[in-house]
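Quick notes on the structure that follows.
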Amino acid sequence: PRVCVVGSGPAGFYTAQHILKHHGGAQVDIYEKLPVPFGLVRFGVAPDHPEVKNVINTFAQTARSERCAYYGNVTVGRDVTVPELQQAYHAVVLSYGAEDNRVLGIPGENLPSVYSARAFVGWYNGLPENRDLKPDLSCETALILGHGNVALDIARILLSPLQLLRKTDITDSSLAALACSKVKRVWLVGRRGPLQVAFTIKELREMINLPGTRAVLDPADFTGLENAVKDAPRPRKRLTELMIKTALEKPREKPVEAQAAAPREWGLKFQRSPQEVLPTPDGKRARGVRMALTRLEGSGDSARAIPTGEVEELECGLVLSSIGYRSLPLDPAVPFDTQRGIIPNSSGRVEGVPGLYCSGWVKRGPTGVIITTMNDSFDTAQSVLEDLQGGVLDMSPSKEGFGAVESILSSRGVRPVSFSDWEKIDAAEVARGKAVGKPREKIVDPAEMLRLIGH
């Protein structure tokens with residue numbers, strides 16, 4: 001059987017890995033729109049979290065299998081359509097993730113100095129489409145809307161001492177911009193309360209221990225929470241206890257010296273929902289955000305934030321919206337639920353289209369960490385294997401996989417990038433990094449990548 005996977009992030013690679021491992025005869029082709037593989041492992045994971053990127057070694061092993069092929073620089077939906085892939089393959093799995101962000105839907109969100117977390121993360125991680133972002137870091141206070149791990153990542157990158165970042169694979173241009181940054185205070189603002197934050201304890205601890213930076217948490221926000229979390233699941237309990245402990249910690253002796261030692265600060269603000277980004281008098285950038293104060297109805301994860309009618313203004317010159325990623329429809333031939341931003345499916349089988357599957361964020365929405373995506377992708381791969389073995393699919397021998405796609409691509413002037421091409425780009429990045437004491441220096445321009453491999 002010939003199986004095709006669209007997207008080379010964790011969902012795509014884990015799906016391919018599981019199919020190859022449990023079907024001795026399957027051939028899996030992975031298509032990717034960028035020349036370079038690995039999706040959010042390369043472009044989403046924070047540069048100072050290199051250990052999370054170790055999964056790349058597993059993915060590379062999969063890509064080097066003689067029954068697996070990687071075709072980068074191919075945009076499915078434009079260079080080749082999904083129906084054309086269905087003609088060429090016995091099964092097609094869509095694992096292309098979430099390439100857009102949710103919008104706030106408030107006045108002023110399109111002002112300069114207001115950015116989506118997705119674009120900002122893409123900028124410091126070298127995602128080609130965000131390489132020219134040039135965020136304005138000339139203000140002292142930044143406001144991040146959202147209480148997830150991505151929001152903490154951004155706060156950490158904005159406040160990290162440069163000598164820590166210099167040893168990472170953060171891009172050269174973003175390092176230069178951060179070196180000139182005036183930002184020294186970051187507020188992370190959420191609509192709900194401390195019991196609903198979405199970040200994890202590891203990321204919170206890392207932020208609390210960031211050198212040269214102090215946490216500013218208001219003890220009043222945590223009144224009575226010790227009792228409320230007594231019976232909560234252990235991760236939630238430990239996370240809340242750490243916030244309470246941090247909020248109640250007395251500033252160390254000799255506050256003047258301590259202040260001087262920690263010139264930067266960050267804090268969490270709760271139960272505030274953005275109503276409007278307020279412009280400077282010349283309308284050229286943001287000067288603050290008007291917030292509706294909220295009260296919570298219900299408890300735990302299902303608590304809802306209801307505006308109380310009161311508002312307040314928070315001053316800031318940089319606004320980052322970290323309220324979630326969003327998947328987009330890929331091809332008119334594929335059903336898509338625009339409301340939920342997913343492909344309607346059951347265990348990864350796309351509703352009403354036999355032989356078409358999905359895995360990862362486009363299957364279940366943009367939540368969870370790499371391990372969540374792994375389990376989800378194994379689940380989809382299992383559905384593919386069951387259907388291959390259960391005679392549900394059209395197994396006609398005339399489906400010739402990449403052979404058929406190759407002629408379509410060449411007729412449209414598209415030259416795919418192979419995995420060994422990627423390894424040349426990889427080697428060049430590592431060599432450039434080595435010269436400046438970094439693990440790698442990412443190439444951010446696809447044209448330069450293609451020149452490097454002689455395309």
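Could you calculate the FRET efficiency of residue 180 with residue 52 from 1/(1 + (r/R0)^6), where r is the beta carbon distance between them and R0 is 22 Å, rounded to 0.05?
Numbers: r = 28 Å, r/R0 = 1.28.
In this case the efficiency is close to 0.20.
What FRET efficiency comes out for residue 452 versus residue 172 if R0 is 22 angstrom and r is the Cβ-Cβ distance? Round to the nearest 0.05.
Values: r = 17 Å, r/R0 = 0.75.
Result of the calculation: an efficiency of 0.85.
Need one number: nm distance between label points at residue 432 and residue 280, each 7 Å from Cα along Cα→Cβ, rounded to one decimal.
3.2 nm
So what's the back-of-envelope 222 nm ellipticity for the chain, counting only DSSP H runs of four-plus at -39500 (n - 2.57) apiece and dividing by all residues, rounded to 500? Mind dumping the intermediate values first?
Values: 17 runs with 158 residues, N = 455.
Value at 222 nm, helices only, nearest 500: -10000 deg cm²/dmol.
If the cut-off is 14 Å between C-alpha atoms, which aspartates and glutamates fall inside it for residue 230, apart from same-chain ones fewer than 8 positions away?
Hits, sequence-local ones excluded: 241.
How much length, in nm to one decimal, is gained on full extension between residue 389 and residue 132, taken as 0.36 nm per residue of separation minus their Cα-Cα distance?
On the way: separation 257, 0.36 × 257 = 92.52 nm, distance 4.82 nm.
Gain on stretching residue 389 to residue 132: 87.7 nm.
Roughly speaking, to the nearest percent, how much of the range 84-130's 1.4 Å accessible area is carbon and sulfur?
On the way: 670 of 1540 Å².
With neighbouring chains kept in place, the figure for the range 84-130 is 44 percent.
Per residue and in cubic angstrom, what volume does the convex hull of the Cα atoms of the range 304-455 have?
Values: hull volume 37.0 nm³, N = 152.
Hull volume over Cα atoms, normalised by residue count, gives 243 Å³.
So with the 1.4 Å probe, I'd like the accessible area per residue for the chain, rounded to whole Å². Don't skip to the end; give the middle numbers.
Values: 20520 Å² over 455 residues.
I get 45 Å² per residue for this part.
Can you give me the % of accessible surface on the range 193-247 that is carbon or sulfur? Probe 1.4 Å, all protein chains present, nothing else counted. Walk me through the numbers on the way to the answer.
Values: 1540 of 2860 Å².
Ligands and nucleic acids excluded, carbon and sulfur reach 54 percent.
Over all directions, how big on average is the projection of the convex hull of the alpha-carbon atoms in the range 343-388, in square nanometres? Provide the component values of the computation, followed by the final result.
Details: hull surface 11.3 nm².
That works out to 2.8 nm².
Calculate what fraction, in whole %, of the accessible area of the range 260-414 sits on carbon and sulfur atoms when a 1.4 Å probe is rolled over the protein chains.
On the way: 3820 of 7600 Å².
C and S atoms contribute 50 percent here.
Quick check on the chain: of the DSSP beta bridges with both residues there, what percent are antiparallel, nearest 5%? Write down the numbers at each step before the final one.
Values: 23 of 61 bridges.
Roughly 40 percent of the DSSP beta bridges within the chain come out antiparallel.
Greater than 23 Å separation of Cα atoms is the criterion. Which listed pairs, 245/269; 53/167; 33/53; 53/134, meet it?
Details: 245/269 16 Å; 53/167 15 Å; 33/53 20 Å; 53/134 26 Å.
From the list (245/269; 53/167; 33/53; 53/134), the Cα-Cα distance tops 23 Å for 53/134.
Taking R0 as 35 Å, what FRET efficiency do you get between residue 163 and residue 299 from their Cβ-Cβ distance, rounded to the nearest 0.05? Can you show the working numbers first?
Working: r = 44 Å, r/R0 = 1.24.
After rounding, the FRET efficiency stands at 0.20.
First obtain the Kirkwood hydrodynamic radius of the range 102-324 from its Cα pairs, then insert it into the Stokes-Einstein equation at 20 °C and 1.002 mPa s, and state the resulting D in µm² per second as a whole number.
Values: Rh = 18.2 Å.
Result for D is 118 µm²/s.
How large is the accessible surface of residue 202 in square angstrom, using a 1.4 angstrom probe and rounding to the nearest 10?
Accessible area, nearest 10 Å²: 100 Å².
The values are calculated or read from the model by the stated rules, or taken from the named source; none is laboratory data. Not measured: the values here are computed from a predicted model. So basically every Cβ, Gly included, is an ideal-geometry build from the backbone, and we count neighbours across all protein chains shown. Heavy atoms of the whole protein, side chains included, go into the accessibility calculation; ligands, DNA and RNA do not. Shrake-Rupley method; radii C 1.70, N 1.55, O 1.52, S 1.80 Å.
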